[in-house]
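What follows is one structure encoded as structure tokens, with my remarks underneath.
Every read-out reported here was derived from the displayed coordinates using simple, explicitly stated rules and does not represent laboratory data. Being a predicted model, the structure only gives us computed values, none of them experimental. Every residue, glycine as well, gets a Cβ built from its backbone with ideal geometry; the counts of neighbours run over all protein chains shown.
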Amino acid sequence: MAQVIIQGFLLSGLYALIAVGFTMIFSVGRVLNLAYGVYIMLGGYVYYVAVQMLSLPKFPSFLLAGLAGIVFGVLTYLVLVKRFEKDPIAVEISTLILAVVMQAVIILIFSTAPRSMWPLIPGRLEVFGVSVLKNILFATAVSWVVLGSLMVFIHKTHIGRAIRAVSMDSKGAAVSGIDPQRISLVTWALSGVLGAIAGVFFATYTQLDPGMWVFPLITAVAVVIVGGIGSIIGSLIAAHIIGFMEVATTTWISADLRGVFTMALIIVVLVVAPKGLLGKAEL
């Protein structure tokens, strides 16, 4: 039981970081960014190239991965989303196509072979009698620092309050002098860096491969649906539910069932509580 609780808590922090960038995009733009998994994949591969191929120090490589996420997020918005922002279906189709194209690009450059990532911090640590990888412990700690910083940014800064205003009523925000398109651009940049940071952690926790964008995307969608579409607090709660249940399933039943609970939970929530746990479309 102790192992499930501790491992579930650690995994939940990573899932929360993965999902929150996806949540922000929907809350502000009311679209599902189906290329979000690419930010995660991109962050992992940029960090891999920097550290394991170019032998750059880990911290600058981590920042480089985050920068790559920002650039890709901004380009996604400017090149695709801004053109189709009045048509959510077109945005979702175009971002999904972008994800498939980026997967093909990664295959051309790196092949289909999976690659192991060096841990950010090697070794293990005993936590209440449970052996825990220092890498996932560090990833969880940084995830919560990032999430805490994001909440402060959203609630305490001028830009953060503008993001909240647009998420609640974009037309009303525009009347009050806020530029919704500028806020959307900032949100896509934030989503990109959050996804890329999560990608570094996720890749060191699992492995790198061109299809690694799919599972985090499914997890992000599940967290958003269960937590309440557009609610960051709901996403944090849902991430813990999914993280704990996934660890419990793989520990007590079978590792082959990883992800099955997540898909089943999506169906149950859509039937029983279509608006999710909190049911708010705001930050």
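Mind jotting down the distance between the C-alpha centroids of region 58-75 and region 1-34, whole Å? Distance between centres, Cα-based: 19 Å. Residues in region 241-257 carry Karplus couplings, in order, of 4, 5, x, 5, 5, 5, 5, 4, 5, 6, 7, 9, 10, 6, 5, 5, 8 Hz; the curve used is 6.51 cos²θ - 1.76 cosθ + 1.60 with θ = phi - 60°, and Gly or Pro positions show x.
Averaged over residues, the count of other Cβ atoms within 10 Å places the peptides 199-209, 121-131 in the sequence 199-209, 121-131, highest first.
For Ile229, the residues 5 or more places off, or on other chains, whose built amide H falls under 5 Å of its own are Gly279, Lys280.
Partner aspartates and glutamates whose Cα lies under 18 Å from the Cα of Lys171, excluding those fewer than 8 positions away in the same chain, are identified as Glu85, Asp87, Asp179, Glu282. Loop-located trypsin sites (Lys or Arg not before Pro) across region 175-283 with a Cβ neighbour count of 16 or fewer within 10 Å are Arg258, Lys275, with loop assigned by DSSP. Compared with the alpha-carbon gap, the fully stretched path from Gln3 to Ile218 is longer by 74.9 nm at 0.36 nm per residue. Between region 125-163 and region 228-253, the C-alpha centres lie 16 angstrom from each other.
Between amide H atoms placed 1.01 Å from N, distances below 5 Å from Val127 occur with Val132, all of them 5 or more places distant or on a separate chain. Computed 3J(HN,Hα) for region 232-239, one whole-Hz value per residue from the Karplus formula 6.51 cos²θ - 1.76 cosθ + 1.60 where θ = phi - 60°, is 5, 4, x, 5, 5, 5, 5, 4, glycine and proline marked x.
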